[in-house]
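Since the structure comes first, as structure tokens, the remarks are kept for the end.
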């Protein structure tokens, strides 16, 4: 059996991806870069260091990166954070992990401040054993640093763990750290997108994964779904 599950949170345990996309859209717009919301949403899951170069030429990045990040954070916390909701059965899913002897951990590209608020929204403060955020590493997803740091804190090898995420960037980052990923579609990515990125199984949501828990790769590690 898997010994620990390294969970993403935005779009996986809380519904926030479109809110983050709106915050980035507003921030970029203030800099004169006007973007479609869905285009930005497809970049959510990356750290800002990886997202900004998608839209800003290399020669301008040094001058706008920090102001963009700061404005995005301000806009998100003032206008959108209050709208973040826990996805259905998120706490119950984490409880099921604990009951099954699987250690729940967080591996998120969110900053530490937002992560603390998300934990309260889900009501999972008493369930999470270890956590790593973008504040703890120099490189966010799709780089493997966040997953590697969580593995180190858990004291477990990659082959004893699995990851849970909602974007191709989760699967890419976890894969580089040697961790297999279960995907959920609640971040807006399709089943086909998530499998193509390297997910070994895909569910509609954590509620769906909870419903099929006993038949999942979390229990049957050799199963291919």
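None of the figures in this text is laboratory data; all of them are computed from the coordinates on show. Note that this is a predicted model, so its numbers are computed, not measured. Cβ: placed from backbone, ideal geometry, glycine included. Neighbour counts: every protein chain shown.
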Once both label points are put 7 Å beyond Cα along the C-beta direction, the residue 1-residue 138 separation in nm becomes 3.9
Residues in segment 63-83 that a label on residue 54 would reach, taking backbone N under 13 Å of a point 7 Å out along Cα→Cβ: none
Gyration tensor (alpha-carbon) shape descriptor, segment 132-188, a/c threshold 1.5: oblate
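Fewest to most neighbouring Cβ within 10 Å: what's the order for 108, 133, 205, 138?
The order, fewest Cβ neighbours first, is 138, 205, 133, 108.
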Mark the label point 7 Å from the Cα of residue 100 along Cα→Cβ and return the residues of segment 126-165 whose backbone N is within less than 15 Å of it. 160-165
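Given a Förster radius of 45 Å and the C-beta distance between residue 92 and residue 63 as r, what FRET efficiency does 1/(1 + (r/R0)^6) yield to the nearest 0.05? Let's see the in-between values first.
Values: r = 47 Å, r/R0 = 1.03.
Efficiency, rounded to the nearest 0.05: 0.45.
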For the chain, share of DSSP beta bridges that run antiparallel, in % to the nearest 5: 10
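Return 58, 18 ranked ascending by Cβ neighbour count within 10 Å, so the fewest neighbours appear first.
On the way: 58 7, 18 19.
With the fewest neighbours first, 58, 18 line up as 58, 18.
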Taking springs between alpha-carbon atoms closer than 10 angstrom, which of 106, 51, 164 fluctuates most in the Gaussian network model of the chain? 51
Listed residues 170, 145, 126, most fluctuating in the chain (Gaussian network, C-alpha, under 10 Å): 126
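Take the alpha carbon gyration tensor of segment 8-96, find the square roots of its eigenvalues, order them as a ≥ b ≥ c, and report rounded if a/c is under 1.5; if not, report prolate when a/b exceeds b/c, else oblate. Walk me through the numbers before you get to the answer.
On the way: a/c = 2.53, a/b = 2.11, b/c = 1.19.
Prolate is the answer for segment 8-96, as a/c is 1.5 or above and a/b outweighs b/c.
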In degrees, nearest 10, the alpha-carbon axis of helix 58-75 is tilted away from the dominant principal axis of the alpha carbons of the chain by 70
Pair residue 129, residue 191: separation of 7 Å Cα→Cβ label points (nm): 3.1
If each part is reduced to its alpha-carbon centroid, segment 27-87 and segment 89-147 end up apart, in Å, by 22
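I need the shape label for segment 53-157. Rule: rounded when a/c is under 1.5, else prolate if a/b > b/c, else oblate, with a, b, c from the alpha carbon gyration tensor. Provide the component values of the computation, followed by the final result.
Values: a/c = 3.02, a/b = 1.54, b/c = 1.96.
Here segment 53-157 falls in the oblate category.
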